[in-house]
Structures are given as C-alpha cells and as structure tokens.
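Participant: Here it is: the structure, laid out below.
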Amino acid sequence: MLMKSAITSTYSPTGSRNFFLNLLKKSTTLSHLTQTHAQIILNDFQNDISTITKLTHRLFDLKATSYARHLFLSIPNPDLFLFNVLIKGFSNAHSISLYTHLRKCTHLKPDNFTYAFAIASASTLSDEKVGILLHQHAVVDGYGSDLFVGTAVVDFYLKNWRIDLARKVFDKMPVRDTVSWNSMISGLVRNCCFDDAVWVFERMLKDGGIPLDSTTVAAILPALAELQELTLGMEVQCLAIKLGFHSYVHVLTGFISLYSKCGDIEAAKFLFEEIRRPDLVSYNAMISGYTSNGESECSVRLFKQLLGSREKVNSSTIVGLIPVFHPFGYLSLTDCIHGFCVKSGILSQPSVSTALTTVYSRLNEIKSARLLFDKSLEKTPASWNAMISGYTQNGLTEAAISLFQEMQRSKVSPNPVTVTSILSACAQLGALSLGKWVHSLVKSKNFESNIYVSTALIDMYAKCGGISEARELFDLMVGKNVVTWNAMISGYGLHGQGQDALKLFSEMSHSGVTPNGVTFLSLLYACSHAGLVEEGEKIFQSMIHDYHYKPLPEHYACVVDILGRSGQLEKALKFIKEMPVEPGAAEWGALLGACVIHKDKKIARVASEKLFELDPENVGYYVLLSNLYSVERNYRLAASVRQDVKKRKLAKTPGCTLIEIGETPHVFTSGDRSHPQASAIYAMLEKLIRKMKEAGFQTEIDTALHDVEEEEKELMINVHSEKLAIAFGLIATDPGTEIRIFKNLRVCVDCHTATKFISKITERVIVVRDANRFHHFKDGLCSCGDYW
C-alpha cells in the first residue's frame with residue numbers, strides 16, 4: 001500500500017525514465033518491484049533498455065533470479081549492458097549459457113565486464129575447462145591485459161586450486177590495483193599457501209604505489225594465524241592503527257582470531273571487549289577462540305550469552321563451539337551440541353555435520369562419525385574429506401580407501417585435502433599402486449604446486465619403499481616447509497640411510513628452515529636404525545643447546561634406543577635414571593627392546609618391572625620379555641609371563657603381511673590357507689625351504705612355544721605371514737621382478753634370515769617394510785646389516 005501511494009502521489013502524466021529509475025533504486029522488497037514493474041508497463045517503458053536493466057539489477061539484488069530471467073526473455077533486443085547484468089546476476093551455469101548465446105546469436109561483442117562476470121561464474125562449475133576456455137577467449141579478444149578480467153581470472157584459478165596459473169596471470173598483469181592484490185592474498189590463504197600469501201602481502205607493501213584497505217588487512221590475518229606469526233601480526237596491527245582500519249569490526253574480528261590461534265586468549269578477549277556492538281561474526285570468532293585454546297567452558301558461556309541476546313546463531317557459531325582441536329574429555333559436550341543442532345535444524349548445514357564428523361573421529365567414535373556422514377543430505381568435498389581423514393587417523397586405512405573410491409563413483413571431485421588424506425592412507429597401508437594412481441590424479445588436477453600434496457606424495461613414496469622416487473619429488477619442489485624436510489629425513493630413517501638423513505639436515509639448516517621437534521625425532525630415529533651412536537648423541541645435544549628445544553619423551557626414548565641397540569645397555573639405563581623428567585613407558589620400552597636384542601636378562605627385568613607398573617595393559621612388553629626368556633631357553637619364566645597375559649585377558653596383535661600384485665592387494669596371516677592359490681603358495685614355500693636348507697639355512701625356533709615338539713615349532717615358524725606373501729609374490733610375478741611386502745609387526749629373526757636366503761636363491765630384490773623400518777634384501781644381504 002505504501003508503494004502504491006508513493007506512485008500515486010508522485011506520478012504525473014509526463015512520467016519519465018528518471019522517475020522510474022529513482023523508484024527502482026528506492027524499492028526494498030520484491031512486492032515493491034512487482035508494483036513498479038506494473039507501472040513501467042502501464043507507462044509504456046517495458047522496452048526501455050535502461051529501465052529494464054535497472055529493474056533486472058534490483059531483482060538480482062533481492063534474489064528473484066527466476067523473475068529476472070523471464071523479464072530478460074521478454075526484451076526483443078537486449079544490449080550488452082543488460083547481458084552483463086544477467087551474466088553477473090546468475091553467477092552459475094546460466095551465465096555461461098547467456099555468454100554462449102551472446103556470442104553465437106547476437107551481433108554484440110563481449111567486453112571486459114562480460115568476460116570478468118562470465119569467468120567469475122565459471123568458478124562455481126565443477127569443470128574448470130569452461131573457465132580456461134573463457135580465459136582464452138578473453139585473450140583472443142584483446143582483454144588479456146585488462147585489470148578487471150585479470151583479477152577475475154586470478155580468482156578463478158585460485159578457486160580451482162590452480163595456484164601456478166594464478167601466479168602466472170598475476171605476475172603478467174601490467175597494472176594491479178588493491179582488489180587484484182587482495183584477490184591473490186585471500187586466494188592463497190584459501191589454498192592453505194600461507195607462506196606465499198605473506199610473501200605477496202610483503203611484496204604489496206614494498207610496491208608502495210598500491211594503497212592497502214581494510215580487506216587487505218583482514219585477508220592476511222588468517223595466514224599469520226595459521227603460521228603462528230604473532231610478531232608479524234602485531235606489526236600488521238600497528239599498520240592497521242596507522243591507516244585507521246583498526247576500529248573496523250571485521251578487522252578487529254580478524255585480530256581476535258589471530259591472537260586466539262597464537263594462544264594469547266587474553267589479548268583476544270580484550271579486543272572483543274573493545275567492540276561496542278559485536279556482530280555475530282565477532283561472537284563466532286571469540287567462541288572459536290575459546291574452544292581452540294581448550295577453554296570450552298568459556299565458549300559455552302559466551303554461546304549462552306549470545307542466545308540470551310536473541311541473536312540468531314548460524315553454522316559458523318556451532319562450528320566454533322564444537323571442540324575439534326581439544327576433543328578429549330568433551331564427548332558429552334559434543335553430544336549436547338549434536339542434540340542442539342538436531343532440534344534447531346542447523347545439522348543440515350554441511351559445515352556443522354562435517355565438524356561433528358571430525359570431532360567424533362578424533363574421539364575414536366568412528367561409528368557415530370560414519371552414521372552422521374551417511375545421514376548428511378548434502379555431502380560436500382569437506383564432508384568426504386572429514387570422513388576419509390577420520391578413517392586414516394584411526395588406522396582404518398582400508399575403509400578410508402574404500403570411501404575414497406565411493407567418492408569417485410559419486411562424481412565428487414577430490415581437492416588437495418582429499419588427496420593428502422588418501423595418500424596418508426596409502427602410506428600407512430603400503431598401497432603403492434593406489435598411491436601411484438593418486439599421483440597421476442594429482443598431475444591431472446595440477447595439484448603438484450600445493451605444498452601439502454607434494455609433501456604427502458614424498459611421504460607416501462618413502463613409506464611404500466620408493467625412497468628414490470621420494471627424493472626425486474623432493475628435489476623438484478621449489479618451496480619446502482619444515483614438514484616437507486621432515487618427510488624426507490624420516491623417509492631416509494625408515495630405509496636405514498642415516499648418513500643421508502644427516503646430510504639432508506645439514507642442507508635444511510642452510511636453507512633457513514627452522515627444524516622442529518619432529519625433525520629431531522626423525523634424525524634420532526635415523527641414527528638409531530643406522531647404528532650412528534656418536535652422531536645421534538650430538539644431534540640430541542644440539543637440539544637442547546643450539547636450538548633450545550625441550551626434549552619430549554619420544555626424543556629421550558630414541559636416545560635410549562640408540563645406546564641400547566649398540567649394546568651400551570648400562571649407559572642407556574644410566575641415561576634414563578639421569579633424565580630431568582620422570583621416565584615413562586617410551587624410554588623403558590626402548591630399553592627392554594634393546595635387552596631382547598642383546599639378551600640381557602638383568603636389565604630386562606628392571607625395565608619390565610617399570611613397564612608393568614606404567615603400562616600394564618600393553619601386551620607387547622610381555623611378548624618381548626617372554627621371547628627373551630625363550631631365547632635363553634628359560635621356558636619356565638617364558639610360560640609364566642604368557643600365563644600372566646592370559647590372566648589379564650590381553651591379546652597380541654595378530655601379524656599380517658600385505659603384497660600388491662598389479663593393483664590388487666593380498667593379505668596373509670600366519671598359517672593362512674584361505675587364498676585361492678593356497679596350494680601353489682605352500683608348494684613354492686616347501687620348495688624354498690628345501691633349497692634354503694641345502695644352502696645352510698637353519699630355522700630359528702627359540703621364540704616359538706616351548707611346549708610343542710621341535711618339528712612342530714619349525715612348521716609354525718615356516719608359515720609366518722611374510723613367508724607366505726613372498727612365496728605368493730614369486731609365483732605371481734615375472735622372474736627378476738622386485739617383490740615388496742608390508743608387515744604390520746616387527747619382522748622376526750627367522751623370517752629376516754629366511755628372506756636373505758630367498759633373495760640369494762631366487763636372485764630377486766625383496767623389499768620388506770615392518771613396523772620399524774624398511775629392509776632391502778639382495779644377494780643374501782639386508783640393507784639393515786642385521787641391525788633392526
């Protein structure tokens with residue numbers, strides 16, 4: 001009624017275009033627009049392009065896309081400006097159809113705005129080829145150097161994870177404005193290229209001629225938060241104050257997130273209180289800040305305050321409330337949040353269900369996570385990633401791979417996060433053929449420039465036995481972060497190449513990348529498995545005195561392992577007793593393992609007594625002690641230990657070995673006869689054992705059960721899972737082909753010796769990955785030098 005009265009009171013018979021343009025500008029609802037449209041028709045302005053273009057623009061502002069489309073179709077001769085409004089307004093596949101219609105069915109020629117809007121629309125499509133083709137069209141039509149088009153192209157490539165192409169386009173732009181710099185920075189942040197985003201930001205500052213705005217400051221803050229660059233963040237804060245942006249709510253919100261993620265929750269709280277009227281985004285940042293710092297009680301209190309203010313919460317509020325980063329001890333809170341989401345209807349939001357899936361997975365509530373995933377009506381790439389990652393983190397690698405294959409069948413395009421998760425699963429399982437297939441997918445999707453994907457590929461190849469392939473990829477990488485260096489150093493450690501690991505650490509030190517706790521752990525592990533005692537001790541001392549890094553239990557355990565494996569058991573025990581912190585199961589476990597290798601019952605008894613106090617439910621320690629007694633032929637004590645295991649109802653993890661033939665994985669357990677080719681496998685095994693004995697092989701039966709006959713002991717040892725897998729590999733592959741197998745436990749002495757003989761007899765290279773490391777067998781020798 002108000003709109004009608006406005007029209008009636010202001011309308012004159014000489015109504016002009018400007019009158020309707022002004023009226024359209026003031027319209028705030030769809031009802032207003034429909035009434036104005038009626039008056040436009042009554043006054044014979046329905047074919048006036050300027051008026052209809054303005055009406056179309058306002059319809060898109062009010063999300064009335066269907067109405068806008070029908071209006072456009074009623075215009076006999078739309079001009080380029082109207083086409084551009086439609087292409088921008090739809091921002092989806094309809095925009096591309098309109099662009100195609102414009103080129104093929106009209107005399108009009110696209111301009112820079114047409115291309116910018118069409119390319120922006122192509123960002124919403126699953127197929128990147130459309131956007132690439134539009135970019136080519138723009139170049140051919142002479143708009144390749146246009147600022148507006150260039151910014152849209154950069155944004156398109158970044159949204160499609162094509163960081164390399166985005167950089168090329170950005171670097172070739174003859175002129176860049178604040179918007180184009182902001183697009184580059186925010187796009188790199190979205191792609192988790194945080195170091196690159198900071199580099200671009202610093203480059204923008206050095207450029208000098210480009211003014212920063214509040215969006216620039218807000219865009220760089222997430223990168224600084226993820227990199228924990230609080231000092232640099234504070235410098236940006238000073239810059240924001242100087243430029244007058246600091247009081248802007250969205251900038252203050254960015255700083256709240258920065259301080260929260262850098263662990264300074266008090267500073268974040270202070271900034272939050274500086275905002276006179278915090279909006280929902282500010283509340284969300286503060287709630288998330290409390291949660292990410294393990295202060296869930298504070299986040300719940302603020303959440304209740306938000307509800308009390310009658311502000312309607314959104315999905316970001318709930319995601320910030322869910323204790324994803326500190327889930328342990330908060331299962332009941334997670335259940336309560338889950339219940340609230342169901343009642344409020346917000347569970348249908350993909351970001352909420354994905355966050356809940358993530359936290360349930362981290363709490364090892366994998367069934368709840370999968371149930372939530374299955375019930376999700378809209379499964380986004382992030383939803384799939386959360387579930388695949390959940391399986392991988394819980395060691396359910398086969399389930400992760402199966403779900404990834406289901407994702408492929410569902411036509412959901414994987415992104416770098418998906419690829420990183422599935423490569424981790426391949427690395428855990430030793431699924432090299434699938435890992436190689438994922439590598440080909442990485443190439444086809446042009447994800448190689450993503451540092452996390454490239455690092456995951458290095459890790460996968462190293463853990464699947466391809467250390468040379470891992471190094472080749474490592475050398476090809478232009479930018480390497482600490483995780484990349486760690487992956488390669490760790491890979492060398494797994495393969496017993498300690499000297500290579502130390503050499504690479506020297507290169508890392510000269511590259512300017514600061515090592516972290518994982519770097520030193522990987523180095524100590526490498527020294528341990530290569531017998532580099534002196535080097536290992538130097539690394540440990542350097543970590544403390546040169547890098548001022550406080551050792552964790554894992555670092556102390558590695559030093560114990562280094563000393564213990566070399567036979568310096570007394571020194572290892574002294575090291576434990578002189579530790580500045582209370583030694584735990586990790587240190588005593590390493591000592592017990594060394595005692596078994598060197599058959600030292602005295603120190604083993606000391607270590608085992610401590611372990612049974614600290615970790616009485618860990619069956620591995622009982623097995624080690626029992627094996628030590630068996631080797632010493634003290635079967636009474638071995639039986640006593642095993643009896644204790646039975647009383648406690650502890651179960652030993654069953655050994656299994658995987659071998660891939662082609663792209664098919666085959667898993668064997670000890671004495672397994674379930675394989676379709678079982679008869680041929682056992683026939684090959686008998687043939688091997690006969691030839692091995694002729695060559696001087698003697699079965700190591702000391703650790704077998706003492707209460708069975710010697711002949712039966714030998715039979716038990718001869719059908720261990722790794723021997724069955726190798727026998728199958730010999731009959732399923734061509735002569736001379738390398739055989740790779742993956743054992744879930746440490747390879748036993750007998751199987752290790754047997755594999756050396758088999759490599760000699762069959763003239764095959766056999767690569768074995770056990771729970772500790774890689775063994776490369778060739779010509780009767782092992783790369784570990786019998787040091788594992």
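Participant: Quick check: is even one residue across the range 760-769 part of a helix (DSSP H, G or I), open to solvent by less than 10 Å² (accessible area, probe 1.4 Å), in contact with a helix residue (DSSP H, G or I) (Cβ under 7 Å, 6 or more places away or on another chain) and under 20 Å from G655 (Cβ atoms)?
Facilitator: Among the residues of the range 760-769, not one is part of a helix (DSSP H, G or I), open to solvent by less than 10 Å² (accessible area, probe 1.4 Å), in contact with a helix residue (DSSP H, G or I) (Cβ under 7 Å, 6 or more places away or on another chain) and under 20 Å from G655 (Cβ atoms), which makes the answer no.
Participant: For the range 573-602, which positions are open to solvent by 10 Å² or more (accessible area, probe 1.4 Å), more than 24 Å from V749 (Cα to Cα) and outside any loop (DSSP other than H, G, I, E, B)?
Facilitator: Correct list: L573, K574, F575, K577, A585.
Participant: For the range 257-274, give me each residue that is under 17 Å from V189 (Cβ atoms), open to solvent by less than 60 Å² (accessible area, probe 1.4 Å) and in a helix (DSSP H, G or I). Quick ask: steps written out before the conclusion?
Facilitator: Let us first name the residues in the range 257-274 that are under 17 Å from V189 (Cβ atoms), namely 257-258, 260-262.
After this cut, where a residue has to be open to solvent by less than 60 Å² (accessible area, probe 1.4 Å) as well, the list is 257-258, 260, 262.
S257, L258, S260 - these are the residues of the range 257-274 that are under 17 Å from V189 (Cβ atoms), open to solvent by less than 60 Å² (accessible area, probe 1.4 Å) and in a helix (DSSP H, G or I).
Participant: Taking the conditions exactly as written (outside any helix (DSSP H, G or I) and free of Cβ contacts under 8 Å to residues at least 60 places away in the same chain), does V438 satisfy them or not?
Facilitator: On the way: outside any helix (DSSP H, G or I): no; free of Cβ contacts under 8 Å to residues at least 60 places away in the same chain: yes.
Taking the combined requirement at face value, the residue does not satisfy it.
Participant: So which residues in the range 330-340 are open to solvent by less than 70 Å² (accessible area, probe 1.4 Å) and within 26 Å of the chain's Cα centre (by Cα)?
Facilitator: Residues satisfying the conditions are Y330, L331, L333, T334, I337, H338.
Participant: May I pose another question? Report yes if T657 is hydroxyl-bearing (S, T, Y), at pLDDT below 90 and buried (at least 18 other Cβ atoms within 10 Å of the Cβ), otherwise no. Steps first, answer last, please.
Facilitator: Numbers: hydroxyl-bearing (S, T, Y): yes; at pLDDT below 90: no; buried (at least 18 other Cβ atoms within 10 Å of the Cβ): yes.
So T657 does not fit the description; no.
Participant: Still on this structure: How do the pairs read when you match residues in the range 239-266 that are more than 18 Å from Y283 (Cβ to Cβ) with residues anywhere that are open to solvent by 10 Å² or more (accessible area, probe 1.4 Å), using Cβ under 6 Å and keeping only pairs 6 or more apart or on different chains?
Facilitator: Short answer, once both residue conditions are applied: A240/H246; F245/S214; C262/Q228; C262/L230.
Participant: Working only within the range 556-572, note down all residues that are more than 23 Å from S490 (Cα to Cα), touching a residue at least 24 places away in the same chain (Cβ under 8 Å) and either part of a loop (DSSP other than H, G, I, E, B) or open to solvent by 20 Å² or more (accessible area, probe 1.4 Å) (or both).
Facilitator: G567, Q568, E570
Participant: While we're on this one: Suppose we filter the range 682-699 for residues that are in a loop (DSSP other than H, G, I, E, B) and open to solvent by 40 Å² or more (accessible area, probe 1.4 Å); how many remain? If you could, list the steps in order and put the result at the bottom.
Facilitator: Here is the first cut: in the range 682-699, the ones in a loop (DSSP other than H, G, I, E, B) are 695-699.
Next, only the ones that are open to solvent by 40 Å² or more (accessible area, probe 1.4 Å) stay: 695-696, 698.
Selection size over the range 682-699: 3.
Participant: Sticking with this one: Find all pairs meeting these conditions: Cβ atoms under 7 angstrom apart; at least six residues apart or on different chains; first residue within the range 589-604 and acidic (D, E); second residue open to solvent by less than 20 Å² (accessible area, probe 1.4 Å) and part of a helix (DSSP H, G or I).
Facilitator: Taking only residues 6 or more apart or on different chains, the pairs are D600/L569.
Participant: Given the options V300, V313, name the one that is surrounded by 17 or more Cβ atoms within 10 Å (Cβ to Cβ) and not in a helix (DSSP H, G or I). I'd like the intermediate steps shown before the answer.
Facilitator: Values: V300 fails: not in a helix (DSSP H, G or I).
Sole residue among the options that is surrounded by 17 or more Cβ atoms within 10 Å (Cβ to Cβ) and not in a helix (DSSP H, G or I): V313.
Participant: Are any residues in the range 440-472 under 24 Å from I659 (Cβ atoms) and either touching a helix residue (DSSP H, G or I) at 6+ places or on another chain (Cβ under 6 Å) or basic (K, R) (or both), and if so, which ones? Give the steps one after another, and end with the answer.
Facilitator: Filtering the range 440-472 down to residues under 24 Å from I659 (Cβ atoms) leaves 440-441, 456-470.
Matches in the range 440-472: A456, L457, I458, D459, M460, Y461, A462, K463, C464, I467, E469, A470.
Participant: Where residues in the range 442-463 are assigned to a helix (DSSP H, G or I), open to solvent by 20 Å² or more (accessible area, probe 1.4 Å) and out of contact with any strand residue (DSSP E or B) (no Cβ under 9 Å at 6 or more places or on another chain), which of them is nearest to I489 (Cα to Cα)? Reasoning before the result, please.
Facilitator: Applying the first criterion (assigned to a helix (DSSP H, G or I)) to the range 442-463 yields 442-445, 451-463.
Checking the rest, the ones that are also open to solvent by 20 Å² or more (accessible area, probe 1.4 Å) come to 443-445, 451-452, 459, 463.
Going one step further and asking which of them are out of contact with any strand residue (DSSP E or B) (no Cβ under 9 Å at 6 or more places or on another chain), we end up with 443-445, 451-452, 459.
Working: K443: 24, S444: 28, K445: 28, I451: 16, Y452: 16, D459: 10 Å.
It comes out as D459.
Participant: Additional query: In the range 316-329, what count of residues is obtained for those that are surrounded by fewer than 19 Cβ atoms within 10 Å (Cβ to Cβ), over 16 Å from G289 (Cβ atoms) and in contact (Cβ under 8 Å) with a residue 24 or more places away in the chain?
Facilitator: 1
Participant: Follow-up. Take the range 51-106 and flag every residue that is closer than 21 Å to L30 by Cα, surrounded by fewer than 14 Cβ atoms within 10 Å (Cβ to Cβ) and among the hydrophobic types (A, V, I, L, M, F, W, C).
Facilitator: Correct list: L73 only.
Participant: Return the residues of the range 395-429 that are open to solvent by 50 Å² or more (accessible area, probe 1.4 Å), modelled with pLDDT of 90 or more and not in a helix (DSSP H, G or I); say none if nothing qualifies.
Facilitator: S410
Participant: Consider S490 carefully, then state whether it is at pLDDT 95 or above and over 20 Å from K571 (Cβ atoms).
Facilitator: Working: at pLDDT 95 or above: yes; over 20 Å from K571 (Cβ atoms): yes.
Answer is yes for this residue.
Participant: So if I check each of E763, E686, E722, E694, which one is in contact with a Cys (Cβ under 6 Å, 6 or more places away or on another chain), at pLDDT 90 or above and not polar (S, T, N, Q)? Explain how you work it out, then say what you get.
Facilitator: Values: E763 fails: in contact with a Cys (Cβ under 6 Å, 6 or more places away or on another chain); E686 fails: in contact with a Cys (Cβ under 6 Å, 6 or more places away or on another chain); E694 fails: in contact with a Cys (Cβ under 6 Å, 6 or more places away or on another chain).
The unique qualifying residue is E722.
Participant: Of the residues that sit in the range 475-503 and are assigned to a loop (DSSP other than H, G, I, E, B) and at negative phi, which one is least open to solvent (accessible area, probe 1.4 Å)?
Facilitator: Here is the first cut: in the range 475-503, the ones assigned to a loop (DSSP other than H, G, I, E, B) are 477-481, 495-497.
After this cut, where a residue has to be at negative phi as well, the list is 477-481, 495, 497.
Details: M477: 23, V478: 146, G479: 44, K480: 54, N481: 27, H495: 4, Q497: 57 Å².
My answer is H495.
Participant: Taking the range 508-555 only, how many residues are of a type in the set (S, T, N, Q) and open to solvent by 20 Å² or more (accessible area, probe 1.4 Å)? Can you show your working first?
Facilitator: Within the range 508-555, the first condition is being of a type in the set (S, T, N, Q), and the residues that meet it are 509, 511, 514, 516, 519, 522, 528, 541-542.
In the following step, the residues that additionally are open to solvent by 20 Å² or more (accessible area, probe 1.4 Å) were identified as 509, 511, 514, 516, 541-542.
Counting residues in the range 508-555 that are of a type in the set (S, T, N, Q) and open to solvent by 20 Å² or more (accessible area, probe 1.4 Å) gives 6.
Participant: On the basis of being at pLDDT below 85 and part of a loop (DSSP other than H, G, I, E, B), does P13 make the cut?
Facilitator: On the way: at pLDDT below 85: yes; part of a loop (DSSP other than H, G, I, E, B): yes.
So P13 passes the test.
Participant: A follow-up question, please. Anything in the range 464-474 that is at pLDDT below 95, farther than 18 Å from T392 by Cβ and either aromatic (F, W, Y) or not in a helix (DSSP H, G or I) (or both)? List them, or say none.
Facilitator: G465, G466
The values are calculated or read from the model by the stated rules, or taken from the named source; none is laboratory data. Source: prediction; values computed, not measured. Neighbour counts run over all protein chains shown; Cβ positions are idealised from the backbone, glycine included. Accessible surface is based on the protein model in full, side chains and every heavy atom, while ligands, DNA and RNA are left aside. Shrake-Rupley method; radii C 1.70, N 1.55, O 1.52, S 1.80 Å.
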